[in-house]
Amino acid sequence: MKIALITPKNDIYNEKTFYDYRFYSQFLFTKKYFSYLLAIPTLVSLTPPEHEIKIFDENIEDIDFDFPVDLVGISVRTIFAKRAYEIADKYRSLGIKVVLGGIHPSMCAEEALGHSDSVVVGEAEAVWAGLLSDAQTGNLKRVYKSGVKSDLKQNPAPGRRALARDRYFSDIVQTTKGCPFHCEFCSVYAYDGTTIRNKTVEQVVVEIKELCKDAAGFKKKSIFFADDNIIANRKFAKELFIALKPFNLNWSCQASINVSKDPDMLRLMREAGCGAILIGFESISDKNLAQMEKGVNQRHDYIEAIKTIQAQGILVHSSFIVGYDFDTKESFDELAGFIAQTNLLMPVINILTPFPGTKLFSRMEKEGRILHKDWSKYNTKNVVFRPKLMTPEELYENYTRLIKKVYSFDEIRRKLEHYWEEDFWRRSNEIDPIKFKYRLLFAVRLVSFMFSANAARAAFIMRLLPRLFRSRVRVSTILTLMAYNDYAYST
Ligand code: B12
């Protein structure tokens, strides 16, 4: 059979997001997208060799609906569910069978069946080969449910060779699945479970070696680890980090805040090439944290945790949720104050979003607080529920006020100066174009960018230029901050 594997466009209904690859592409004269969905090469690796595969990622190219295929598989997350259903409907109108899989159809199987011939609930590993032979004999079932969670040690390595990898900024590797916590707003405990499954260190090393093959010419290979919590199995994590040390990597990951309490772990991470850890701080209110059931986060630990991690030269990427039940209009200024005080460089600030399948969604639905189910707005940048202590409009207005404050060019520059004064980048493991030639190139590009830009951005660039020749400069950090500013001031 000829099978098309499809990634729907991420943000077709939303002009701008925090992950605005267009900003980077415009600056760097490329057409790259930030990353692929790991589900696609995973499905490639599970497909028996007699089938032919065609991959379409709408984030990098349009889907060719005339391309002849016998079966279509679409990977669906809530943010792009609406677009996924449009694509599915189009293929079905052409008489082509469609299978939907991923977290959204797994949580909303009935809804997904309205747009497809078959839905896979849960992981593909146990069911994909069987589904393909059923499709070949015309016996496709409506629902395939993966009864057991797959043993990661038995799974084949993702088939990344099938991807147009040069069209993405970053590679994605997953070493574990699951998270020991069960936060109210998170889908992971419901989907991947609280039991931690891991690959072997050798499996991960094989994947990394493969990825490093095309790192030639770059100083370091850049990787994002897609684990829900990379330190969930501490023994495995430490063995992994020791094994990664020789590879000259620059990687980032997600981990729970208690990573800061394990100095040995932090040292091994740093030595293995960790540049940044994304930590879900979520809220600075103890009451909210208790309601979220995020017991691992203790508000009184936050400042010390940030200091300890950054002392190792690992940047703390932070994530916060606004709109939880104890948030008031005053909470936004308190959060802005906390971010300024701790100099968190690039916090991602999310509007609370009840994703289907979470405990939060059930509670909100029971309380009659879900405003609508237009999934394209479930992107953490819109208000889709009724907050407790303010109106939806007040939540949105305060959110936009907050991100404008956090991402004003004055604030960005103040924080950058702080990191330069601390000489943070010298301690950090991030890729750094130190050579004069690269600084000059970056400066020239920045200046040219000034002319297509707004006055505030032009002033920011002007004031930044002298720094480019005096300090270590991280191009990607500055670009990310400029992209965040662009997003904040477009809302
Ligand atoms: C890595 C990651 C990211 C990365 C990279 C994104 C990327 N390119 O993948 C970053 C950090 C950028 C990110 C950002 C966000 N993320 Co994220 N992210 C993840 C994470 C941790 C891992 C995803 C992954 O790679 N999994 C590994 C692959 C192999 O698993 P999989 O996709 O589930 O695929 C398996 C099955 O689902 C199934 N399957 C999947 N597709 C298909 C298709 C077919 C046809 C079949 C048969 C089977 C099948 O089989 C696969 C193999 O077992 C997940 C949590 C999780 N555990 O899934 C959250 C998650 C996907 N993210 C989530 C969210 C909310 C976000 C953000 C909105 C957060 C924010 N506030 O900004 C943004 C959105 C960014 C954007 N615009 O896309 C939610 C999505 C919830 C939902 N219902 O859709 C998740 C589930 C986390 C959570 N806590 O709930 N994320």
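Here, each number is a calculation from the coordinates, and none is a lab measurement. A quick note: this is a predicted structure, and the numbers were derived from the prediction, not measured. Glycine also receives a Cβ, built like all others from the backbone with ideal geometry; neighbour counts cover every protein chain displayed.
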Exercise. Rank S376, I461, Y487 by how far each Cα sits towards the positive end of the charge dipole of the range 357-491 (+1 on Lys, Arg Cβ; -1 on Asp, Glu Cβ) and give me just the farthest.
Key: I461
Quiz item: Given H placed on each backbone N at 1.01 Å, which residues far from L278 in sequence or on other chains put an amide H within less than 5 Å of it?
Solution: C253, Q254, A255, H317
Quiz item: So how far, in whole Å, is the C-alpha centre of the range 236-274 from the one of the range 165-184?
Solution: 15
Quiz item: If you take the Cα atoms of the range 419-488, find Rg, then find the Kirkwood Rh from the mean of 1/r over all pairs, what is Rg/Rh?
Solution: 0.96
Quiz item: Could you give me the ³J(HN,Hα) list for the range 454-461, computed from phi with Karplus coefficients 6.51, -1.76, 1.60 and θ = phi - 60°, whole Hz, x at Gly and Pro?
Solution: 7, 5, 5, 5, 4, 5, 4, 5
Self-check item: Long pairs among K373/K405; K149/K359; K238/K261, criterion Cα-Cα beyond 25 Å
Solution: K373/K405
Quiz item: If you check each cysteine of the chain for another cysteine whose beta-carbon is under 4.7 Å away, which ones come up empty?
Solution: C108, C179, C212, C253, C274
Quiz item: Could you work out the helix-only [θ] at 222 nm for the chain, with each DSSP H run of four or more residues adding -39,500 (n - 2.57) and the total divided by the number of residues, to the nearest 500 deg cm²/dmol?
Solution: -12000 deg cm²/dmol
Quiz item: Using +1 on the beta carbon of Lys and Arg, -1 on that of Asp and Glu, and nothing else charged, what's the dipole of the chain about the Cα centre, debye to 20?
Solution: 1320
Quiz item: Of the chain, which part is the longest with no GluC sites (Glu not before Pro) in a loop (DSSP not H, G, I, E, B) and with at most 16 other C-beta atoms within 10 angstrom?
Solution: 62-292
Self-check item: Partner aspartates and glutamates for K177 [C-alpha distance under 15 Å; skip if fewer than 8 residues away on the same chain]
Solution: E123, E125, D151, D192, D227, D228
Practice problem: Report P(r) for the chain: all Cα-Cα distances, bin width 10 Å, range 0 to the bin holding the largest distance, values in whole percent. | Solution: 4, 18, 29, 29, 16, 4, 0
Practice problem: Answer rounded, prolate or oblate for the range 331-377, using the Cα gyration tensor with square roots of eigenvalues a ≥ b ≥ c: rounded when a/c is under 1.5, else prolate when a/b is larger than b/c, else oblate. | Solution: prolate
Quiz item: Once you charge only the Cβ atoms, +1 for Lys and Arg and -1 for Asp and Glu, what is the size of the charge dipole of the range 2-145 about its Cα centre, to the nearest 20 debye?
Solution: 200
Quiz prompt | Partners for K404 among lysines (Cα-Cα distance below 18 Å; same-chain residues under 8 apart left out) | solution = K16, K329, K381, K415
Self-check item: Ordering of 139-145, 399-405, 191-197 by packing [mean C-beta count within 10 Å, highest first]
Solution: 399-405, 191-197, 139-145
Quiz item: So what J values fall out for the range 423-428 if you push phi through Karplus, 6.51 cos²θ - 1.76 cosθ + 1.60 with θ = phi - 60°, rounded to Hz, Gly and Pro as x?
Solution: 6, 4, 5, 5, 7, 7
Practice problem: Report ³J(HN,Hα) in whole Hz for each residue of the range 25-40, in order, from the Karplus equation J = 6.51 cos²θ - 1.76 cosθ + 1.60 where θ = phi - 60°; Gly and Pro get x. | Solution: 4, 4, 5, 9, 6, 10, 10, 8, 9, 5, 6, 8, 8, 5, 4, 5
Quiz item: Using the count of nearby Cβ atoms within 10 Å as a rough guide to exposure, how do W375, W420 rank from fewest to most?
Solution: W420, W375
Quiz item: For K97, which sequence-distant residues (separation of 5 or more, or a different chain) have an amide H within less than 5 Å of its own amide H, given hydrogens modelled in the peptide plane?
Solution: V72
Quiz item: So for the chain, taking the charge dipole from beta-carbon charges (+1 Lys/Arg, -1 Asp/Glu), which of A4, L152, I242 sits furthest toward the positive end?
Solution: I242
Self-check item: Farthest toward positive dipole pole in the chain [+1 Lys/Arg, -1 Asp/Glu at C-beta], among V44, L441, G138
Solution: L441
Quiz prompt | Overall Cα dimensions of the range 170-406 - principal axes, largest extent first, Å | solution = 53, 36, 33
Quiz item: By the gyration tensor of its Cα atoms, with a ≥ b ≥ c the square roots of the eigenvalues, what is the shape of the range 309-436: rounded for a/c under 1.5, prolate for a/b over b/c, or oblate?
Solution: prolate
Quiz item: Out of the DSSP beta bridges found with both residues in the chain, what percent are antiparallel (nearest 5)?
Solution: 5
Quiz item: With all pairs of different alpha carbon atoms counted, what Kirkwood hydrodynamic radius in Å does the range 233-315 show?
Solution: 13.5
Quiz item: In what sequence do M390, M462 fall when counting other Cβ within 10 Å, fewest first?
Solution: M462, M390
Quiz item: Using modelled backbone amide H atoms (1.01 Å from N, in-plane), which distant-in-sequence or interchain residues come within less than 5 Å of I321's amide H?
Solution: E282, S283, N350
Quiz item: Full extension from N139 to E110: what is 0.36 nm times the residue separation minus their Cα-Cα distance, to one decimal in nm?
Solution: 8.5 nm
Exercise. Measure of size requested: the Rg and Dmax of the range 2-145, with Cα atoms as the atom set and Å as the unit; please supply both.
Key: 15.3, 50
